[in-house]
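Enquirer: Pasting a structure below so you can have a look.
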Amino acid sequence: MTTEGVHIVVGGFFGDEGKGKIVSYLSLSTRPAAVVRTGATNAGHTVVCCNKKWKLRAVPSGFVYEKARLYIARGALIDKDVFTSEVKELGIKGRIWMDSMTGIITEEHKIKEQTDEHFTKLGSTKTGVGAAMSDRVLRKLKLAKDFPELSEFLTDTQKEILELLESGNHVLIEATQGYWLSLYHGTYPYVTSRDTSACGALSEVGIGPRYVKRITVVFKAYVTRVGTGPLPGELSFEEAKRRGLLEYGTVTGRPRRVAPFNYDLALKAVKANSATDVAITKIDVLFPEARCAKRWEDLPGDAKRWIENIEERLKVPISIIGTGEDVNCVIDRSNELNI
Ligand code: GTP
Ligand code: MG
């Protein structure tokens with residue numbers, strides 16, 4: 001199990017693979033010195049732990065490990081109202097920081113996305129992220145240091161994370177959304193406004209690849225996509241419902257489009273992110289008997305065969321298997337696989 005260096009967790013499809021759950025599980029099991037959130041408030045993560053359920057849009061999902069320092073990356077974009085209300089709700093003031101140069105989304109950005117036809121056409125979440133990112137590219141965007149009310153949360157996150165790594169600590173980085181929504185590598189133009197790959201996450205944090213020890217690409221047992229853009233093998237609403245695969249977006253509340261697990265998309269995501277291992281969530285949705293199994297031996301035979309087939313085709317070990325909503329409903333094979 002990782003004890004030092006960087007571990008990056010990346011989404012392998014179109015986001016909502018359950019990274020929130022995987023990152024929160026890994027923060028409890030690998031005890032990182034810090035957990036870093038990249039991306040922006042258009043990406044929601046759900047964490048179910050200790051009989052509670054949180055829907056997060058700013059705070060790193062690893063907050064559940066109480067000893068971890070929590071950071072918002074320099075390249076991230078934050079809505080300060082969302083940030084401050086999550087910090088208050090979780091009672092994590094004093095252990096969460098954002099970079100002085102983290103970008104800030106304002107009301108103006110949200111209004112722009114809600115009214116601009118171009119953003120609607122692209123299937124925007126209308127959370128102001130795309131509009132704020134365009135301002136950043138134009139060098140007009142205000143940064144965290146421009147807002148006195150954020151001063152108590154500000155630090156040089158790059159410097160602090162590098163110091164932790166140089167002194168042999170373990171840092172967990174949460175990439176955002178999914179590989180196929182990457183501005184550069186995804187289904188352009190139906191993509192998000194940043195690179196969502198493992199390299200993109202490192203770039204947002206501002207550290208080089210030399211520290212990276214582990215790259216876990218997370219897939220769900222089926223594919224979902226919110227909003228417009230290609231989705232190979234898409235099921236009709238009725239078929240998705242019949243198979244019990246209907247989901248609604250954390251941020252938008254929109255029903256998600258659904259397709260069966262896609263090996264081609266998965267293989268490309270594994271290769272492009274140079275995955276060391278793969279996590280698969282929601283096995284219990286396909287195989288109800290797998291519900292909250294915690295050992296490989298407890299999985300039904302058809303679930304084992306399904307997972308082994310993926311492992312063979314992707315040629316990368318499946319280290320973590322999600323078997324239920326709760327952070328503890330996982331089968332973790334990292335130790336036996338020596339990852
Ligand atoms: P990311 O954006 O990748 O972080 O995923 P998400 O958290 O946004 O996904 P979503 O909003 O769809 O929430 C996932 C839901 O599925 C949460 O309620 C999780 O607790 C739950 N979940 C995660 N992993 C599993 C799993 O293995 N089985 C089941 N049944 N539920 C899971
Ligand atoms: Mg999500």
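The values are calculated or read from the model by the stated rules, or taken from the named source; none is laboratory data. A quick note: this is a predicted structure, and the numbers were derived from the prediction, not measured. Ideal geometry is used to build each Cβ from the backbone, glycine not excepted, and the neighbour counts take in all protein chains shown. These accessible areas exclude ligands, DNA and RNA; they are computed on the full protein's heavy atoms, side chains included. Shrake-Rupley method; radii C 1.70, N 1.55, O 1.52, S 1.80 Å.
Enquirer: With both partners inside segment 5-332, how many of the DSSP beta bridges are antiparallel, as a percent to the nearest 5?
Expert: Within segment 5-332, antiparallel bridges account for around 30 percent of the total.
Enquirer: Give a quick list of GluC sites (Glu not before Pro) in segment 43-122 that DSSP marks as loop, anything other than H, G, I, E or B, with at most 12 other Cβ atoms within 10 Å.
Expert: Counting only loop positions with at most 12 other Cβ atoms within 10 Å, the GluC sites (Glu not before Pro) in segment 43-122 are E66.
Enquirer: Compute the relative contact order of the chain as a whole-number percentage, counting only Cα pairs closer than 8 Å that sit 6 or more residues apart in sequence.
Expert: The value is 22 percent.
Enquirer: Continuing with the same structure: So what J values fall out for segment 167-182 if you push phi through Karplus, 6.51 cos²θ - 1.76 cosθ + 1.60 with θ = phi - 60°, rounded to Hz, Gly and Pro as x?
Expert: These are the phi-based 3J(HN,Hα) values: 9, x, 8, 9, 10, 9, 10, 9, 6, 10, 6, x, 3, 6, 9, 5 Hz.
Enquirer: Using amide H atoms built in the peptide plane, which far-off residues or other-chain residues are under 5 Å from E247 H to H?
Expert: For E247, whose amide H was placed from the backbone, the distant partners under 5 Å are R256.
Enquirer: Using a Förster distance of 22 angstrom, determine the FRET efficiency expected from the C-beta separation of S134 and D81, and round it to 0.05.
Expert: 0.60
Enquirer: Work from the charge dipole of segment 105-250 (Cβ charges, +1 for Lys and Arg, -1 for Asp and Glu, about the Cα centre) and give the residue of T216, Q114, P232 farthest towards its positive end.
Expert: Of the candidates, P232 comes out farthest on the positive side.
Enquirer: Which ³J(HN,Hα) values in Hz, rounded to whole numbers, follow from the phi angles of segment 78-88 under the Karplus curve 6.51 cos²θ - 1.76 cosθ + 1.60, where θ = phi - 60° and Gly and Pro get x?
Expert: Each residue of segment 78-88 in turn: 10, 8, 5, 5, 5, 4, 5, 6, 5, 4, 5 Hz.
Enquirer: Semi-axes of the equivalent ellipsoid for the chain, please: Cα gyration tensor eigenvalues, times 5, square-rooted, ordered largest first, whole Å.
Expert: Equivalent ellipsoid of the chain: 30, 24, 18 Å, largest first.
Enquirer: Roughly how many percent of the accessible protein surface of the chain is carbon and sulfur, given a 1.4 Å probe and a whole-percent answer?
Expert: About 50 percent, which is the carbon plus sulfur part of the accessible surface.
Enquirer: How much area per residue is accessible in segment 126-273 when the probe is 1.4 Å and only protein heavy atoms are counted (Å²)?
Expert: Normalised by residue count, the accessible surface of segment 126-273 is 45 Å².
Enquirer: Still on this structure, I have one more. Nothing charged except the Cβ atoms of Lys and Arg (+1) and of Asp and Glu (-1): what's the magnitude of the dipole of the chain about its Cα centre? Round to the nearest 20 debye.
Expert: 160
Enquirer: Explain nothing, just compute: Karplus ³J(HN,Hα) = 6.51 cos²θ - 1.76 cosθ + 1.60, θ = phi - 60°, for every residue of segment 24-36 in order, whole Hz, x for Gly and Pro.
Expert: Each residue of segment 24-36 in turn: 5, 4, 5, 5, 6, 8, 9, 6, x, 5, 8, 10, 10 Hz.
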